[in-house]
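Q: Structure provided below as structure tokens; questions to follow.
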Amino acid sequence: MHSDAAAVNFQLNSHLSTLANIHKIYHTLNKLNLTEDIGQDDHQTGSLRSCSSSDCFSKVMPPRKKRRPASGDDLSAKKSRHDSMYRKYDSTRIKTEEEAFSSKRCLEWFYEYAGTDEVVGPEGMEKFCEDIGVEPENVVMLVLAWKLDAQNMGYFTLQEWLKGMTSLQCDTTEKLRNTLDYLRSLLNDSTNFKLIYRYAFDFARQSKYKVINKDQWCNVLEFSRTINLDLSNYDEDGAWPVLLDEFVEWYKDKQMS
């Protein structure tokens with residue numbers, strides 16, 4: 001739409017410029033015709049006053065004829081307009097292609113971190129986090145892993161990368177940086193938060209230190225939602241699991257010391 005408007009403006013300006021030049025030429029010709037007419041009139045009658053106003057007007061303002069541009073000038077003007085329109089169209093097309101998601105560009109982006117492997121491992125993940133400007137332990141990385149449906153902590157496979165980045169419409173580092181705020185905002189939605197929280201349990205379960213089960217994990221979520229930060233409303237006789245009772249006891253001892 002912008003390229004069409006630009007082309008119309010270009011054509012309008014070109015026409016206005018042509019009309020201005022034609023007007024200038026006619027103005028000069030009129031002056032010449034006026035001088036000749038006056039000279040002839042003086043020679044014939046001896047005085048300009050002897051002619052009627054209508055006769056004088058017809059002599060002063062001869063019928064105007066349109067000036068036809070030379071064929072070479074006309075072709076040059078058309079070529080100039082076409083070149084300008086093409087440059088604007090080409091610039092818009094390139095910009096649109098850069099903004100549109102590209103699977104090829106996304107694949108090349110993946111191999112920047114995977115190298116010759118089919119998976120982004122710990123070393124590649126560290127460089128990836130550095131490039132997008134977040135720490136590996138930042139919660140937004142958990143949300144990103146959830147969006148990619150990554151099955152192993154600290155690893156992104158090629159299939160996970162392509163599927164997840166396609167859903168986010170990210171094929172460059174810059175685009176992902178611009179998407180980080182959106183990923184963080186997903187935690188503000190209660191439904192998404194529950195899904196991400198449960199996903200985090202499956203991630204944590206991969207650790208060799210299996211000290212919490214799924215029920216306890218869900219209880220921690222409920223605990224964090226209902227109990228104050230200072231634990232002032234915690235009921236020791238409530239139906240909380242022993243794990244959380246021990247946490248509250250540990251926390252209070254730590255505060256007192």
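Q: Just for the range 217-234: of the residues that are β-branched (Val, Ile, Thr) and surrounded by 13 or more Cβ atoms within 10 Å (Cβ to Cβ), which one is nearest to Lys252 (Cα to Cα)?
A: Going residue by residue through the range 217-234, those that are β-branched (Val, Ile, Thr) are 220, 226-227.
Next, only the ones that are surrounded by 13 or more Cβ atoms within 10 Å (Cβ to Cβ) stay: 220, 227.
Values: Val220: 17, Ile227: 14 Å.
Only one residue fits best here, namely Ile227.
Q: Within the range 193-212, does at least one residue satisfy the condition of being in a helix (DSSP H, G or I), hydroxyl-bearing (Ser, Thr, Tyr) and modelled with pLDDT of 85 or more?
A: Scanning the range 193-212 turns up at least one residue that is in a helix (DSSP H, G or I), hydroxyl-bearing (Ser, Thr, Tyr) and modelled with pLDDT of 85 or more.
Q: Among the candidates Lys214, Lys254, which residue alone is surrounded by fewer than 14 Cβ atoms within 10 Å (Cβ to Cβ) and touching a helix residue (DSSP H, G or I) at 6+ places or on another chain (Cβ under 7 Å)?
A: Lys214
Residue-wise test of (1) out of contact with any Ser or Thr (no Cβ under 8 Å at 6 or more places or on another chain); (2) surrounded by fewer than 16 Cβ atoms within 10 Å (Cβ to Cβ); (3) among the hydrophobic types (A, V, I, L, M, F, W, C); (4) over 24 Å from Phe101 (Cβ atoms).
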residue: Val134; (1), (2), (3), (4): yes, no, yes, no
residue: Asn152; (1), (2), (3), (4): yes, yes, no, yes
residue: Thr166; (1), (2), (3), (4): no, yes, no, no
residue: Thr173; (1), (2), (3), (4): yes, yes, no, no
residue: Leu183; (1), (2), (3), (4): yes, no, yes, no
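Q: Could I ask something else about it? Does Leu229 fit the bill of being outside any helix (DSSP H, G or I) and within 44 Å of the chain's Cα centre (by Cα)?
A: Working: outside any helix (DSSP H, G or I): yes; within 44 Å of the chain's Cα centre (by Cα): yes.
Yes, satisfied.
Q: Just checking, how many residues over the range 143-185 are outside any loop (DSSP other than H, G, I, E, B) and either within 14 Å of Phe128 (Cβ to Cβ) or touching a Leu at 6+ places or on another chain (Cβ under 9 Å) (or both)?
A: To start, the set of residues in the range 143-185 that are outside any loop (DSSP other than H, G, I, E, B) comprises 143-148, 156-168, 173-177, 180-185.
Imposing the further condition that a residue be either within 14 Å of Phe128 (Cβ to Cβ) or touching a Leu at 6+ places or on another chain (Cβ under 9 Å) (or both) reduces the set to 143-148, 156-158, 160-165, 167-168, 173-177, 180, 182-183.
Of the residues in the range 143-185, 25 are outside any loop (DSSP other than H, G, I, E, B) and either within 14 Å of Phe128 (Cβ to Cβ) or touching a Leu at 6+ places or on another chain (Cβ under 9 Å) (or both).
The values are calculated or read from the model by the stated rules, or taken from the named source; none is laboratory data. Quantities reported herein were computed from a predicted structural model and do not represent experimental measurements. All Cβ positions, even for glycine, are placed from backbone atoms using ideal geometry, and neighbour counts span all protein chains on display.
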